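*Asks:* For reference, the structure I am asking about is given below.
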Amino acid sequence: MLEYSKQFFSDLQPADFFIVGAILLFTLVSIVLFIAIVLSRLYHIRQAIHFEKNTETINNLLLEVLFNEKSYFDLIEDKKLLRLFSIPQFRAQMMESVINLHQNYEGEYAESLKKFYVESQLMADSFVKLRDKKWEAKCKGIKELTEMNIQRAYDHLIEISKTNHPILKINALNGCIKINGPQGIIHLAKHKFTIDLWTQLNIIDALKKTSLLDTQNIELLLQAKNNSVISLGLKIIQTFRLFEKQSHVEALLQQKHDKHILKEAENLLATFSTYGKEIN
């Protein structure tokens, strides 16, 4: 066999060597790709199996938390569960389940879920996401912390809102509003970066989802040195018909501002005048 192989290669021309080499390379690559595909498929099958098992376990655990008043510390007395809570995939699934349930529950059930979220260190996982370099991870952390109304996250959200990334900025500002209502945007009075129209509209939409019981100090936005913040303040006053802020809008006209700001303020006062006539 060895002699035959030597004879075979010795009879080959240079062009034949290239063809044989190409065939061998193609065969090797095909084998490697086949093995990679098989291993990838096996990995995903294994992940799916773990996901199903975790889902069943998580559902049972949360039923204990919601309806049997079990705490995280009660649950981890079972060493198997304690080990599960150290597995990233399990914690990620648990996080998703807790957040989704909290969106659909109120009162005592919501408080039980929040307590579990804090005790199980899921809250710590969310704070870790805020420090992640990827904006998608930061947004996920913001969603989790604001859904659970974690007041400690507020200052972090203010810092994140200074980013130039539009989606991250909107998520951070919406998070501030969700945690502190209308007072969650007062810090924008000192904001140095331009808030574009799209972001302004998202802020107003987020405010519509709050009770708007506390609009105190909203007029501070009109005192900002940032024209985009002043414009936002005027839009908020107009959208929610905050007639009690009219004197602050009138004061704005007595100051030196860009023409488009003064025009927006004049239009707002005209709108208020129209509203007043309709009421009378």
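*Asks:* Among the residues of segment 48-65, write down those that are farther than 20 Å from Tyr109 by Cβ and open to solvent by 60 Å² or more (accessible area, probe 1.4 Å).
*Replies:* Result: Ile49, His50, Phe51, Glu52, Lys53, Glu56.
*Asks:* Tell me which of these Cys176 doesn't satisfy, since it passes every other one: (1) out of contact with any Lys or Arg (no Cβ under 6 Å at 6 or more places or on another chain); (2) farther than 21 Å from Trp135 by Cα.
*Replies:* Going through the list (1) out of contact with any Lys or Arg (no Cβ under 6 Å at 6 or more places or on another chain); (2) farther than 21 Å from Trp135 by Cα, Cys176 breaks only (2).
*Asks:* Quick one: Tyr117 ticks every box in (1) open to solvent by 60 Å² or more (accessible area, probe 1.4 Å); (2) of a type in the set (Ser, Thr, Tyr); (3) at pLDDT 95 or above bar one, so which box is it?
*Replies:* (1)
*Asks:* Only residues that are of a type in the set (Phe, Trp, Tyr) and open to solvent by less than 30 Å² (accessible area, probe 1.4 Å): list them for segment 78-111, please.
*Replies:* Taking segment 78-111 as the starting set, the residues that turn out to be of a type in the set (Phe, Trp, Tyr) are 85, 90, 105, 109.
Phe85, Phe90 - these are the residues of segment 78-111 that are of a type in the set (Phe, Trp, Tyr) and open to solvent by less than 30 Å² (accessible area, probe 1.4 Å).
*Asks:* Test Asn68 against the stated conditions and say whether it is surrounded by 10 or more Cβ atoms within 10 Å (Cβ to Cβ), over 23 Å from Asn174 (Cβ atoms) and polar (S, T, N, Q). Before you say what the answer is, go through the steps one by one.
*Replies:* Details: surrounded by 10 or more Cβ atoms within 10 Å (Cβ to Cβ): no; over 23 Å from Asn174 (Cβ atoms): yes; polar (S, T, N, Q): yes.
No; evaluated as a whole, the condition is false for this residue.
*Asks:* Give the number of residues within segment 143-157 that are surrounded by fewer than 17 Cβ atoms within 10 Å (Cβ to Cβ) and either outside any helix (DSSP H, G or I) or in contact with a strand residue (DSSP E or B) (Cβ under 8 Å, 6 or more places away or on another chain) (or both).
*Replies:* 1
The values are calculated or read from the model by the stated rules, or taken from the named source; none is laboratory data. The shown structure was predicted, so the numbers you read here are calculated from the model rather than taken from an experiment. Here Cβ is always computed from backbone atoms with ideal geometry, including for glycine, and neighbour counts include all displayed protein chains. Only protein heavy atoms, including side chains, enter the accessible area calculation; ligands, DNA and RNA are left aside. Shrake-Rupley method; radii C 1.70, N 1.55, O 1.52, S 1.80 Å.
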